[in-house]
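Taking it in order: structure first as structure tokens, then the write-up.
The values are calculated or read from the model by the stated rules, or taken from the named source; none is laboratory data. Note that the structure is a prediction, hence the values are computed from the model and not measured. When we count neighbours, we look across all protein chains shown, and the Cβ atoms used for this are built from the backbone with ideal geometry, even at glycine. Only protein heavy atoms, including side chains, enter the accessible area calculation; ligands, DNA and RNA are left aside. Shrake-Rupley method; radii C 1.70, N 1.55, O 1.52, S 1.80 Å.
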Amino acid sequence: MASGSVADQEGQVMLLGFWFSPFVRRVEWALKFKGIDYDYVEEDLTNKSTLLLTSNPIHKTVPVLIHNGNPIAESLVIIEYIDEMWKRNPILPQDPYERAKARFWANFIEQKVTESTREALLSQGEQQEKKVKELKEAMEVVEGEAKAKLNDKTLFFGGGNGVGYVDIVLGWTCNWMETIEEVGGFKVLDPESQPQFHKWMANFREVPFIKPTLAPKEKLVEYFRMVRQARLGLVANK
Amino acid sequence: MAEEEVKLFGTWASPVSRRIEVALKLKGVQYEYIEEDLTNKSPALLNYNPVNKQIPVLVHNGKPVAESLVIIEYIDETWKHNPILPADPYERAMARFWAKYIDEKFWPAAMKIVVAKGEEQKGEIDEIQQQMKNLEGELKEKKFFGGESLGFLDIAANIIIWLVVAQEALGMDQILNEEKLPVLYGWLQRLLDDAVIKECVPPKDRHLDLCKVKFGSSIASK
């Protein structure tokens, strides 16, 4: 292995985040999975710090990883960076074809599950129905993939007992999906038609470095209710 | 050397399909190209990409890869000469960040411009101009985003060529003009002049006609 202390090699790692953000949690899961020390800075959404605004001038949001003063934004981009900088405990597979499959699924999840859930949260009536329908279709695909890949010996998409890239990308569903369903007034999660997915969520929640990061549901419900009302209020006033 | 079988399922007018052709040509990889009819998708395409049923799909020795940016990274990792992504992890992160920006912010905005009208269109034009200014900030003094030669972000930004052609087809003033965006304009000229890119854009006349058919009706109906 390389010489020099681990701390020297790691340099200074800072993560700017919001407590309620599933995208920030993803980055934390990647950092914790690798055993990387980092300073966490809780940002105030209503009063963003100069550091945040200069580190991510394009999107002005979290997560932002700052490594030795160099900022990186976008959770999936950050996770790949972490995986390339710290080689221990790989998150993505080593083989190019397996990596391509993992990236494909990450893309699918972001576009069809994450985006659709966000849009369902921020809409109502016909518009919301459309998004919920899309989301249900996407979950069928996810369940199909879970059925194909997971079993009693392979608990996670990363293979064996270890989480991998796809687990980290999909992981927000294990805590935030129920919250958003409650706030948005729709139902997508269904243990009967999604048994493998529900098993995966249950296993993911219990992973020792993940469990403590999951914010209490009541707090999340309160926060996302506020977000939904603000957005619908804006739409109504147009 | 093992026998390599590389197939690309694509369409002639799709920028994301053409991206893959650029990547394969930069690497000098021999491939079989299959033109898909999206109104009548082949069983092969549906078999290789059952989830999205979309092009492009790269099939390497029977194994399919879908999603254009995912395919390009696969090509870069499989054929290691003439690298497309930078070697440094931070620079790779920057290339990925901006490629994502192009697909998630720029492209939807570009699509809106060709169908929007009046005030709404003006708003979209302002938005795209700002986005292009942001891209200029990433390009700086370089010949291409990838440096001296085409890189990941140059390939992803090929969509800009499609916007330029669509604007020409609709008789719109070019958003990407030398006066307002000199840095990106210079890059575009170099891109259009590049030997590989030239082979990977739709024939201009056919492309203009297609744009008029696809987007022209929204103007004619007013």
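Values as computed for the structure displayed
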item	result
Index of the failed condition, B:Phe9 passing every other in (1) open to solvent by less than 20 Å² (accessible area, probe 1.4 Å); (2) in a helix (DSSP H, G or I)	(2)
Residue match in segment A:142-149 (condition: touching a residue at least 60 places away in the same chain (Cβ under 8 Å), within 14 Å of chain B (Cβ to nearest Cβ), crowded, with 17+ Cβ neighbours inside 10 Å and farther than 19 Å from B:Tyr74 by Cα)	no
Selected residue (criterion: nearest to A:Leu220 (Cα to Cα)) from residues of segment A:79-134 that are assigned to a loop (DSSP other than H, G, I, E, B) and open to solvent by 40 Å² or more (accessible area, probe 1.4 Å)	A:Gln124
Near pairs, Cβ below 8 angstrom, 6+ apart or cross-chain, from segment A:179-196 (among the charged types (D, E, K, R)) to any residue that is open to solvent by less than 60 Å² (accessible area, probe 1.4 Å)	A:Glu181/A:Val188; A:Glu181/A:Leu189; A:Glu182/A:Val221; A:Lys187/A:Glu181
Members of segment A:192-238 that are part of a loop (DSSP other than H, G, I, E, B), of a type in the set (Gly, Ala, Ser) and open to solvent by 30 Å² or more (accessible area, probe 1.4 Å)	A:Ser193
Selection count, segment B:168-182, where residues are assigned to a helix (DSSP H, G or I) and surrounded by fewer than 16 Cβ atoms within 10 Å (Cβ to Cβ)	2
Subset of segment A:41-72 [open to solvent by less than 10 Å² (accessible area, probe 1.4 Å) and either polar (S, T, N, Q) or within 10 Å of chain B (Cβ to nearest Cβ) (or both)]	A:Asn56, A:Leu65, A:His67, A:Ile72
Hits in segment B:62-74 (condition: more than 9 Å from chain A (Cβ to nearest Cβ) and of a type in the set (A, V, I, L, M, F, W, C))	B:Ile72
Unique match (being modelled with pLDDT under 95, away from every other protein chain (no Cβ under 14 Å) and over 18 Å from the mean Cα position of the chain (by Cα)) among B:Ala110, B:Ala116	B:Ala116
Any chance B:Tyr101 is hydroxyl-bearing (Ser, Thr, Tyr), more than 9 Å from chain A (Cβ to nearest Cβ) and either touching a residue at least 24 places away in the same chain (Cβ under 8 Å) or in contact with a Gly (Cβ under 8 Å, 6 or more places away or on another chain) (or both)	no
